[in-house]
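Asks: Mind having a look at this structure? Questions to follow.
Rule-based calculations on the coordinates, nothing more; no lab input. Keep in mind that this is a model prediction, so the values were computed, not measured. All Cβ positions, glycine included, derive from the backbone under ideal geometry; neighbour counts span all protein chains shown.
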Amino acid sequence: MNFSKCLLVFTCFLGCEGAKILGIIPTASYSHQITFHPLWRELALKGHNVTVITTDPLNNSSLANLKEIDLSEIYDLFTTIKFYEIISGDPIYFWRIALLLRKVCFELARLIIEHEEIKNIKNKQFDLVIAEAHFPSIVGFIGHFKCPWIGVSSMESGIQYNVAIGNPAHPVLNPDYNLPLENMENLNFIERLASLVYRVSYVFLINVYIFPTLAAIYKEVGWNAPPMVEVQNNISMLFVTTHPIFHNLRPLLPNTISIGTGMHFKEPQPLPQDLQKFLDDSKTGVIYFSLGSNVNSNLLTTEFKKAVVEAFAEVPHNVLLKMDGEIEGLSKNVMVRKWMPQQDILRHPNIKLFITQGGLQSLQESVVNGIPLIGIPFFGDQITNVNKMVKKGYGVKVDRRSMTKEILVAAIKQVMTNPSYKETAEAMGEIFKDEEIPSLQRAVYWTEYVIRHKGAKHLRSPGIGMPAWKYYMLDVMGFLAFVCLTIIIAIFLILRLFFRWLKYLVKGEAKKTRKTKKKD
């Protein structure tokens, strides 16, 4: 164990005196919530008083220092506004994002600040806020408490918070993860144009429309917050769930911490007896099919379900199928459940293939067990995750809109019969597991670091809040362009005068010659 690792471990044990920490993860998605369950638990066990606003509480009575405010009604809000239908729809992508922000942000903000339990903590003092760096809705909520705050993301961070913390966010080198791009490392002209337009329009929409409207909502119900752009730019640290296996490489400031090596992984647990027997008895291997916690059956077309049923009836393998709704006509080789202990299932040696929607946590859990994948992405980062998976070589992609029985069967055969997918998945898993400091330990250390140093302002980028014209040196480039233009014009005028003078001389000599000839 090297010196730096020893020092970090010692500092984690040293910690800091019990702080009052407020956490808020408002996205109605289990995968967004479970990533940070271990962080809340560990901070509470270390003596901090932790209050968490969440849609999926831990409900662990043994954690005396952890208080949870249940906001599971956000699931109802997402259902009412058809959140996942909007982001998985076919219309122009920019329009979908604008519509989503308009529908979600204002309703979500009202739901949070008008909640009775949240009203009870309105006047409390906290040493730190840990908030999901996702929806702009909670920026005013964060600012109300006037303390340092850490942004956290269960995936890569988007444009809004990369810009806020000062990370380079070049639209070509670092396109936003929400853009459905085939190859994020080599964009063509149309993709580069789309990335630039998306970035400019997103930032404009947030700053010109979303933030002013949210400010009016907060003021209306008596929540006092500084200007939202100021709150956003005062972010102390950003935790992102990234790893080179799943994401493009990019330069990050020292106050952006990667916690992308499976912080949500649980200790192995025994499988239910029926699942254990099904897996043990499947001598030719098992295909595990799950589209995650956000892709509900109402997002699946009849044609999609039919293709799944017919494909599984044709393959010579048993299948574990996680599906929340009813699905008819399943063959005898398929066991279906509304919920399955995914991590423990993927640890079983008879799992040979995972068919997934491409959520980051699913990819992590598959790769760490060396299991190849078939990705059927629906929305958000799933598209870029699956495209990256295909490029790395540990899985193949199937388009959900054009998927048929034949296409799915061909994809299954391709992955199951070509050993390179399995070998690559195992190699990626070894890279993924090779880390100096466990993610949870790293997250706790940097959380306490921000508390100890009152926001760790010494890590802030000098570029935060800098006007765009100054950041991109538009004034300098304008000045240089002016100088160059002035020089070009000056040269043109000098040459023009020179040629006029030369022409005058030539004409003068010609006249003298003619006069001389006449005299002769």
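Asks: Rounded to the nearest 0.05, what FRET efficiency is calculated for E426 and E220 with R0 set to 56 Å and r the Cβ-Cβ distance?
Replies: Calculated transfer efficiency: 0.50.
Asks: With θ taken as phi - 60° and the coefficients 6.51, -1.76 and 1.60, list the Karplus ³J(HN,Hα) couplings across region 325-342 in order, rounded to whole Hz; mark glycine and proline as x.
Replies: Once rounded to whole Hz, the list reads x, 6, 9, 9, x, 5, 7, 5, 7, 10, 10, 10, 9, 6, 9, 9, x, 4.
Asks: Give me the one-decimal nm value for the distance between modelled label points at E230 and K146, 7 Å along each residue's Cα-to-Cβ direction.
Replies: That separation, rounded to one decimal, is 1.1 nm.
Asks: Pulled fully out, how much extra length does the chain show between D280 and L193, if you take 0.36 nm times their separation in residues and subtract their Cα-Cα distance?
Replies: Length gained between D280 and L193: 26.1 nm.
Asks: Decide, for region 472-511, between rounded, prolate and oblate: order the square roots of the alpha carbon gyration tensor eigenvalues as a ≥ b ≥ c, take rounded if a/c falls under 1.5, and otherwise choose prolate if a/b is larger than b/c, else oblate.
Replies: prolate
Asks: Return the equivalent ellipsoid semi-axes of region 306-391 as a descending list in whole Å, where each equals the square root of 5 times an eigenvalue of the C-alpha gyration tensor.
Replies: Here the semi-axes work out to 22, 16, 13 Å.
Asks: While we're here: Please work out the FRET efficiency for the pair H458 and K124, using the Cβ-Cβ distance as r and a Förster radius of 30 Å; give the result to the nearest 0.05.
Replies: Computed FRET efficiency for H458 and K124: 0.60.
Asks: What ratio of Cα Rg to 2.2 N^0.38 Å holds for region 273-433?
Replies: Against the compact-globule rule of thumb, the ratio is 0.94.
Asks: Same structure again: Between T79 and K503, what is the label-to-label distance in nm when each label sits 7 Å out along the Cα-to-Cβ direction?
Replies: 8.4 nm
Asks: About the Cα centre, and with charges only on the beta carbon of Lys, Arg (+1) and Asp, Glu (-1), how big is the dipole of region 273-433? Nearest 20 debye, please.
Replies: 220 debye
Asks: What span do the alpha-carbon atoms of region 20-63 cover on each of the three principal axes, reported in whole Å from largest to smallest?
Replies: Answer, in whole Å and largest first: 28, 18, 15 Å.
Asks: Also: Counting only helical runs of four or more DSSP H residues, what would the 222 nm mean residue ellipticity of the chain come to if each run contributes -39,500 (n - 2.57) and the total is spread over all its residues?
Replies: -14500 deg cm²/dmol
Asks: For V336, list long-range residues whose amide hydrogen, built 1.01 Å from N in the peptide plane, is under 5 Å from its own amide hydrogen.
Replies: Sorted by chain and number, the residues that satisfy this are L321.
Asks: May I pose another question? Divide the volume of the convex hull of the Cα atoms of region 170-279 by its number of residues and quote the answer in cubic angstrom per residue.
Replies: 221 Å³
Asks: A follow-up question, please. To the nearest 20 debye, what is the magnitude of the charge dipole of the chain about its Cα centre, counting +1 on the Cβ of each Lys and Arg and -1 on the Cβ of each Asp and Glu?
Replies: Roughly 3800 debye, rounded to the nearest 20.
Asks: Starting from 0.36 nm per residue, how many nanometres of slack lie between E436 and K332 once their C-alpha separation is accounted for?
Replies: 32.9 nm
Asks: In whole angstrom, how far apart do the alpha carbon centroids of region 131-148 and region 249-273 sit?
Replies: 24 Å
Asks: Using Cα pairs closer than 8 Å and at least 6 residues apart in sequence, work out the relative contact order for the chain, in percent.
Replies: 15 percent
Asks: Let me ask you something else. Which listed residue (T284, V315, I412) has the Cα farthest towards the positive end of the charge dipole for region 273-433, taking +1 on Lys and Arg C-beta and -1 on Asp and Glu C-beta about the Cα centre?
Replies: I412
Asks: Grab the Cα-Cα distance for H170 and V390, subtract it from 0.36 nm times how many residues apart they are, and report the gain in nm with one decimal.
Replies: Here the answer is 76.8 nm.
Asks: [x] 0.97; [y] 1.13; [z] 1.08: which one is Rg/Rh (Cα atoms, Kirkwood Rh) as calculated from this entry?
Replies: [y]
Asks: With r as the distance between the Cβ atoms of T213 and W469 and R0 = 25 Å, compute the FRET efficiency 1/(1 + (r/R0)^6) and round to 0.05.
Replies: 0.40
Asks: With helices defined as uninterrupted DSSP H runs, which ones in the chain have an alpha carbon span along their own long axis of at least 15 Å and mean Kyte-Doolittle hydropathy of at least 0.0?
Replies: Span-like helices in the chain: 3-14, 93-113, 189-205, 302-314, 405-417, 474-519.
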